[in-house]
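S.K.: Take this structure, written in structure tokens, and hold onto it; I'll ask about it next.
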Amino acid sequence: MFSIFRTLWQVAAHMFQRPITVQYPDEKPYLAPRYRGRIILSRDPDGEERCVACYLCAVACPVDCISLQATQDEYGRRYPEFFRINFSRCIYCGYCEDACPTYAIQLTPDMEMSEYRRENMVYEKEHLLISGEGKYHGYNFYRVAGLSIRGKDKGEAINEDPPVDIHSLLP
Amino acid sequence: MATIYIDNKPYEVNPDDNLLQACLSLGFNIPYFCWHPAMGSVGACRQCAVKQFKDENDTKGKIIMACMTPAADGTRISIDDPEAKTFRASVIEWLMLNHPHDCPVCDEGGECHLQDMTVMTGHAYRRTRFRKRTYRNQDLGPFINHEMNRCIQCYRCVRYYRDYAGGRDLNVFSVHDHVYFGRAHDGTLENEFSGNLVEVCPTGVFTDKTLARHYTRKWDLQDAPSICIHCGVGCNTSPRARYGMLRRIVNRFHFDINGYFLCDRGRFGYEFVNSERRIGSIRPSVPQRQVIEDIASVIKNGRKVIGIGSPRASLEANFALRMLVGADRFFSGVRAEESLPVAKVAELLRRSPCPIASVHDIEVSDAVLVLGEDLINTAPRLALAVRQSVRRKSMETAARMNIPAWHDYAVRTLAQDERSPLVIATPYETALDEIASESYRGAPEDLARLGYAIACAIDPQAPRVEGLGREEAELAERIAGILKGANRPAVIFGTGCRNAALIEAGANVALALARTHPDPERVRLALTVPECNSAGLALMEAKDLDAAFEAARSGADAIIVLENDLYRRSAVQQVDEFLRAARTVVLDSLENETTAKAETILPAGTFAESEGTLVNSEGRAQRYFKVMPPRQGVLESWRWLREIAIAAGRLNEDSWRSLDAVIAAIEAELPQFQEISKAAPAASFRIAGQKIPRQLHRYSGRTAMMADITVHEPAPPRDPDSALAFSMEGYQGPPPAGLASFFWAPGWNSYQAVNKYQSEIGGPLRGGPAGSRLGEGKRTDDISYSSRIPEPFRSRDGKVFVVPAFRIFGSEELSMHAPGIAARAEKPFLEVNPSDAEKLGISAEQEVALTFGAVSRSLAIRMNPSLPPGVAALPAGLPESAGIPVPAWARITGR
Ligand code: SF4
Ligand code: SF4
Ligand code: SF4
Ligand code: SF4
Ligand code: FES
């Protein structure tokens, strides 16, 4: 008996509360930057591709939906020749972002990914690469690494001494 | 056996090992850098520290280097001691002070010993705030990339390159913390074994430059056990592929053959598989069914079909052709001047006066006679073994002084230039002469005579050589003395001079030694053959190419050529005439002059896309497997021939469905191949009901690699021919040796993981032998001396006797389609003795015309004072010399 009245009371009380339904898609909810949605590839502060084609995201991915091929320019800078994510397989776990040593691959708060054809869920580099730095600002892998690239010779990286003169016998 | 105590537990170990080896053999993980199982210890890196205690009451102990301490009976050590652990972590920290932040862009990453060892010691965070030292790199040629910043100064590279492989142009320069490992100047690394630096260097200083062009990490490469197809030694390799393209070759440890090292031809020759000259479809383009019916109808009706086999095709492919055309119309596809000596070698493989040497046997021989072989160019890996054989003496001296053999620096310092005897008797100077105790130069006949004379000097029962010069007689006595006095003497000879008498002479030496040596089982003979399956083809006893030419002249309806460019074998006119005689069908993987003349070309899979059995120069049958499935339209040669045979009614539909069925047919028909099914586990082999995966469990990209073509993820191709699967699923433990291709163990991602697959460190792989010795390489008792002693060589007026000069980079057909190898190939010269040149009135670099009967070639001259007068050397197998039937007399005319 008591439980019936309690239920009636609760129903009546709800009628005077504010509805929490959001009128999506007319009304967009706030998603924090750390939300794990559509993946992008970012650029470094110099505007170059951040991805160095190290394959770490690909191997970290639990569903194996990233595939790429490394190549290098004439100065020895590594970058991906192609970079493909099959979003129809992606579980948005963010492991790839965790694995990435260059902050190149980032998950974004865009979760509106639905297509009529699965083929359209396959993103190539041209679809993934954005023109900015994304969530992480300032990091530039090639300025820290020892590899020389165009415009950065040996010994010019952060925290590096100029190249050793191997002909010198001075102590 | 000795008992040592590790963290208070007793273990049985080999007292000849050092503690590091012993602990690794027991399965313990101790980090190390400078020690290498094939090169011993020098104690340079200080990474392998453990704590040693005087006795069970000693609680303090002292830190020692495991690699520099013998595993003596009663030794008590602790690996887990906190002080030892901290010490090891600090060593890594020091080594990493200057290490660049390169892993993501370093080709060693994922198979890096430094990464593994860093993780093993637990050093995880960089504390130093000082600046990093940097270096400039060098251009080291087409094979090796140089990135000096990554060096940890372990000295393995120079110890390998200089001490082990005998190279001179890599060294350590500069002083204190500036030491630099490289060449004096930029330039190609000259040593023929430079590629091993990639695996020897524990860091990313030396990496594979051919891989860098299509870089893929170790975990993403699909691989399968394979056999090097670039010479007759039969080194074991692990070719690796990604996206249907062959990406690199890695050494696959085989205790008896290649051990830890490959030659550069074997390591970098693979790129021919990706060549633009690959044949990808039937030419002219007709549907597969139609072309098969078409060829089959000729076989059915015409009956007269000539089959040309090939020494670079598998036993199965050759056998399939033999079955299709009939044994009497199956020809070996090599000319008499090559097939006769190869047949002699094959005879020895069946009946030999002493056990046939493996490459490893040569490494432990203490006196070696090389008769007529320029080993570095005809059997490269064997030459590296000979280099190790001359160190036996220093090992003995060291043993007398109680210095263990692994104490590398001490042994070398003690030995200085002391070497075991090595005798090189060849037509011209070879790279090994620099370590030889005796060298002799002569024409092939004279080398054979020397061989006969040595045999007679060892055992007076052997036939005497009449009319021998005093010098030669004395030399023969000296060499005989050397060989007789040796504990493990070995004789190496083979087909390098293409001289059958030389092989008989070598066999005589081996027989004389076997008859006189106190322990005949210790005498060895090692053989060389020209190509990867020359021995197997010779054991099939097919008639040679000359006989095929003859057969065609008496009429033929069709000629089927299996993986063989006849224009490399014989003169243009002859081959032209032969191929014109009938309709020609060629099965091959690369375009060549023969395919250009063919009416029908059937695209055949290369070694990476097919499986088969090869017999190497020691008579070991070894199986190679598909690394990747062939492209649409390409089939393994034996499958093409099977299809044709079925259409022609020679086979019924159900036969030869898998490779094992073909192998069974070979064994049933040819008793000499009884053992080949044992070369590797059969296709039905399973562990715990599972196949062996070709992909590492970390293989990535499965659901994306093909997504641009289809999102439906087609099932992986099936493999009915082997116990391997094109998948990352399957049995995850170490497979048996014949099926083991990649080496990986938890915490061991680099090649050094092979430690975990060996029965003991440096010993054979676990899980039985890989490959099967036909006749088990045993000796036969009832062999008698040959007495076909040739006449001494006499020079002829106005003519030179041209002998073949093989080249590691250039003489082999397929590897020359790899850009790196082609870049290393030198321009061909005709080498002559300066006195001959003077007589003929020609000078160095001059172009001359070289005339053999009707064939003529124009070539530049190079002086080689080591050649005997009247003998000239012509590079073999290069386009400029293809089809010239050397050895032969030729006329030289200046231009
Ligand atoms: S978010 Fe997870 S599933 Fe998606 S690509 Fe990254 S690692 Fe793979
Ligand atoms: S982990 Fe980062 S740098 Fe490496 S391949 Fe992936 S996106 Fe590129
Ligand atoms: S280059 Fe490699 S092998 Fe040589 S010393 Fe440096 S780390 Fe060791
Ligand atoms: S020695 Fe011969 S079999 Fe061995 S790697 Fe070199 S070419 Fe290949
Ligand atoms: S491995 Fe023992 S000191 Fe280097």
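S.K.: Compute the semi-axes of the equivalent ellipsoid of segment B:40-79, taking the square root of 5 times each eigenvalue of the Cα gyration tensor, and list them largest first in whole Å. Can you show the working numbers first?
M.R.: Working: eigenvalues 76, 27, 7 Å².
Sorted largest first and rounded, they come to 20, 12, 6 Å.
S.K.: What number results when the radius of gyration of the protein assembly as shown, computed over Cα atoms, is divided by 2.2 N^0.38 Å? Intermediate values should be presented prior to the final figure.
M.R.: Numbers: Rg = 32.1 Å, N = 1066, 2.2 N^0.38 = 31.1 Å.
Normalised by 2.2 N^0.38 Å, the Cα Rg of the protein assembly as shown equals 1.03.
S.K.: Check B:THR528: other-chain or 5+ apart residues with amide H under 5 Å from its amide H, H built from backbone geometry?
M.R.: B:PHE493, B:GLY494, B:THR495
S.K.: If you don't mind, there's one more thing I want to ask. Report Rg (one decimal) and Dmax (nearest whole number) for segment A:29-143, counting Cα atoms only, units Å.
M.R.: 13.7, 46
S.K.: Quick check for you: which residues of segment B:51-66 have the amide N under 15 Å from the point 7 Å beyond the Cα of B:TYR5 toward its beta carbon?
M.R.: Counting only backbone N, you get B:51-62.
S.K.: Another question, if that's okay. Please give the helix A:2-14 orientation as an angle from the longest Cα principal axis of chain A, in degrees from 0 to 90, rounded to the nearest 10.
M.R.: Rounded to the nearest ten degrees, it is 60.
S.K.: Pop a pseudo-label 7 angstrom from the Cα along the beta-carbon direction at both B:ARG213 and B:SER835 and give the gap in nm to one decimal.
M.R.: Placing both labels 7 Å beyond Cα along the Cβ direction yields 4.6 nm.
S.K.: Along Cα→Cβ, 7 Å out, is where each label goes; now give me the distance between the ones at B:TYR243 and B:ARG127 in nm to one decimal.
M.R.: Each label point is offset 7 Å from its Cα along the Cβ direction, giving 4.4 nm.
S.K.: Give me the number: length gained by fully extending A:ASP153 to A:TYR24, i.e. 0.36 nm times residue separation minus the C-alpha to C-alpha distance, one decimal in nm.
M.R.: Numbers: separation 129, 0.36 × 129 = 46.44 nm, distance 5.22 nm.
Separation in residues times 0.36 nm, less the Cα-Cα distance, equals 41.2 nm.
S.K.: What length, rounded to one decimal in nm, is gained on full extension from B:ASP139 through to B:PHE685, with 0.36 nm per residue of separation minus their alpha-carbon distance? Could the numbers behind the result be given before it?
M.R.: Details: separation 546, 0.36 × 546 = 196.56 nm, distance 4.67 nm.
Contour length minus the Cα-Cα distance gives 191.9 nm.
S.K.: Return the tail of the calculated pair distribution for segment B:825-886, meaning the percent of Cα-Cα pairs more than 20 Å apart. Walk me through the numbers before you get to the answer.
M.R.: Numbers: 395 of 1891 pairs.
That tail contains 21 percent of the Cα-Cα pairs.
S.K.: Averaged across B:144-152, how many Cβ atoms of other chains sit within 10 Å of each residue's Cβ atom? Display every interim value, and only then the final one.
M.R.: Values: counts 0, 1, 0, 4, 5, 9, 2, 0, 0.
Average per residue, whole number: 2.
S.K.: I need the trypsin sites (Lys or Arg not before Pro) found in segment B:235-331, filtered to DSSP loop residues with at most 14 other beta carbons within 10 Å of theirs. Before the final figure, lay out the partial values.
M.R.: On the way: sites: B:ARG240, B:ARG242, B:ARG247, B:ARG248, B:ARG252, B:ARG265, B:ARG267, B:ARG277, B:ARG278, B:ARG289, B:LYS300, B:ARG303, B:LYS304, B:ARG312, B:ARG322, B:ARG329; in loops: B:ARG252, B:ARG277, B:ARG303, B:LYS304, B:ARG312.
Loop-located and lightly packed - B:ARG277, B:ARG303.
S.K.: Select from A:GLY76, A:GLY134, A:GLY37 the residue whose mean-square fluctuation is largest in a Gaussian network model of chain A (Cα-Cα springs shorter than 10 Å).
M.R.: A:GLY76
S.K.: Starting from the Kirkwood Rh over alpha-carbon pairs, what translational D in µm² s⁻¹ does segment B:723-875 have by Stokes-Einstein at 37 °C and 0.692 mPa s? Don't skip to the end; give the middle numbers.
M.R.: On the way: Rh = 21.5 Å.
Answer, rounded: 153 µm²/s.
S.K.: Return the FRET efficiency for the residue pair B:ASP797, B:ASP186: r is the Cβ-Cβ distance, R0 is 41 Å, and the value is rounded to the nearest 0.05.
M.R.: It comes out at approximately 0.25.
S.K.: For B:MET401 and A:HIS167, what is the calculated FRET efficiency with R₀ set at 35 Å and r taken between the beta-carbons, to the nearest 0.05?
M.R.: The computed FRET efficiency comes out at 0.35.
S.K.: Per-residue HN-Hα couplings for segment B:781-788, Karplus 6.51 cos²θ - 1.76 cosθ + 1.60 at θ = phi - 60°, whole Hz, x for Gly and Pro?
M.R.: The phi angles translate into 7, 8, 9, 10, 5, 8, 10, 7 Hz.
S.K.: Along segment B:498-513, what does the Karplus equation 6.51 cos²θ - 1.76 cosθ + 1.60 (θ = phi - 60°) give for ³J(HN,Hα), rounded to whole Hz, x for Gly and Pro?
M.R.: 6, 10, 5, 4, 4, 5, 5, 5, x, 5, 4, 4, 4, 5, 4, 5
S.K.: Quickly work out the B:LYS300-to-B:GLU12 label distance, labels modelled 7 Å from Cα along the C-beta direction, and quote it in nm with one decimal.
M.R.: 6.7 nm
S.K.: Another question, if that's okay. Show me, bin by bin at 5 Å from 0, the whole-percent P(r) of segment B:341-529 based on Cα pairs.
M.R.: 1, 9, 18, 22, 21, 15, 8, 4, 2, 0
S.K.: Pairs B:LYS304/B:LYS827; B:LYS62/B:LYS756; B:LYS597/B:LYS827: which exceed 31 Å Cα-Cα? Can you show the working numbers first?
M.R.: Details: B:LYS304/B:LYS827 42 Å; B:LYS62/B:LYS756 28 Å; B:LYS597/B:LYS827 27 Å.
Beyond 31 Å: B:LYS304/B:LYS827.
S.K.: How about chain A: what cysteines have no other cysteine beta carbon under 4.7 Å from their own?
M.R.: So, A:CYS51, A:CYS54, A:CYS61, A:CYS65, A:CYS90, A:CYS93, A:CYS100.
S.K.: List the GluC sites (Glu not before Pro) within segment A:64-171 that DSSP assigns to loop and that have no more than 12 neighbouring Cβ atoms inside 10 Å. Intermediate values should be presented prior to the final figure.
M.R.: Values: sites: A:GLU74, A:GLU81, A:GLU97, A:GLU112, A:GLU115, A:GLU119, A:GLU124, A:GLU126, A:GLU133, A:GLU156, A:GLU160; in loops: A:GLU74, A:GLU112, A:GLU115, A:GLU124, A:GLU133, A:GLU156.
Hits after loop and neighbour filter: A:GLU74, A:GLU112, A:GLU115.
S.K.: Further, regarding this structure: Calculate the FRET efficiency for B:ASP557 and B:ASP660 from the Cβ-Cβ distance with a Förster distance of 22 Å, rounded to the nearest 0.05. It would help to have the intermediate numbers written out before the result.
M.R.: On the way: r = 33 Å, r/R0 = 1.49.
Computed FRET efficiency for B:ASP557 and B:ASP660: 0.10.
S.K.: At 0.36 nm per residue, and after removing the present C-alpha to C-alpha distance, how many nm does the segment from B:LEU26 to B:GLU845 gain when stretched out fully? Let's see the in-between values first.
M.R.: Details: separation 819, 0.36 × 819 = 294.84 nm, distance 6.01 nm.
Between B:LEU26 and B:GLU845, full extension yields 288.8 nm more.
S.K.: Could I ask something else about it? Can you pull out the GluC sites (Glu not before Pro) in segment B:230-318 whose DSSP state is coil and whose Cβ has at most 14 other Cβ atoms within 10 Å?
M.R.: Working: sites: B:GLU271, B:GLU276, B:GLU293, B:GLU316; in loops: B:GLU276.
Here the sparse-neighbourhood loop sites are B:GLU276.
S.K.: Calculate the mean, over all residues of peptide A:142-148, of how many other protein chain Cβ atoms lie within 10 angstrom of the residue's Cβ. Please list the in-between numbers first.
M.R.: Details: counts 2, 1, 3, 8, 15, 10, 5.
That works out to 6 on average.
S.K.: Which distance in Å, rounded to a whole number, links the C-alpha centroids of segment B:713-731 and segment B:300-355?
M.R.: What the calculation gives is 33 Å, centre to centre.
S.K.: Among B:ALA436, B:ASN749, B:MET39, flag the residue with its Cα farthest along the positive direction of the charge dipole of chain B, charges on Cβ as +1 for Lys/Arg and -1 for Asp/Glu.
M.R.: The residue sitting most towards the positive pole is B:ASN749.
S.K.: Would you list the P(r) distribution for chain B, with all Cα-Cα distances sorted into 10 Å bins from 0 and each bin expressed as a whole %?
M.R.: 2, 12, 21, 25, 21, 13, 5, 1, 0, 0
S.K.: May I pose another question? Can you sort A:CYS96, B:CYS112 so the residue with the fewest Cβ neighbours within 10 Å comes first? Mind dumping the intermediate values first?
M.R.: Details: A:CYS96 24, B:CYS112 21.
The most exposed by this proxy come first: B:CYS112, A:CYS96.
S.K.: For a footprinting-style exposure proxy, rank A:VAL59, A:VAL52, B:VAL342 by other Cβ within 10 Å, fewest first.
M.R.: A:VAL59, A:VAL52, B:VAL342
S.K.: Please list the three semi-axes, largest first and in whole Å, of the ellipsoid equivalent to segment B:1-67, using sqrt of 5 times the eigenvalues of its alpha carbon gyration tensor.
M.R.: 20, 15, 9
S.K.: Here is a further query. Could you give me the radius of gyration and the Dmax of segment B:643-786, taking only the C-alpha atoms into account and expressing both in angstrom?
M.R.: Using the Cα atoms of segment B:643-786, the pair Rg, Dmax is 20.2, 70 Å.
Each value in this text was obtained by applying a stated rule to the coordinates, not by laboratory testing. The structure displayed is predicted, hence computed values, not measured ones. Quick reminder, even Gly has a Cβ in these numbers, built from the backbone with ideal geometry, and neighbours come from all protein chains shown.
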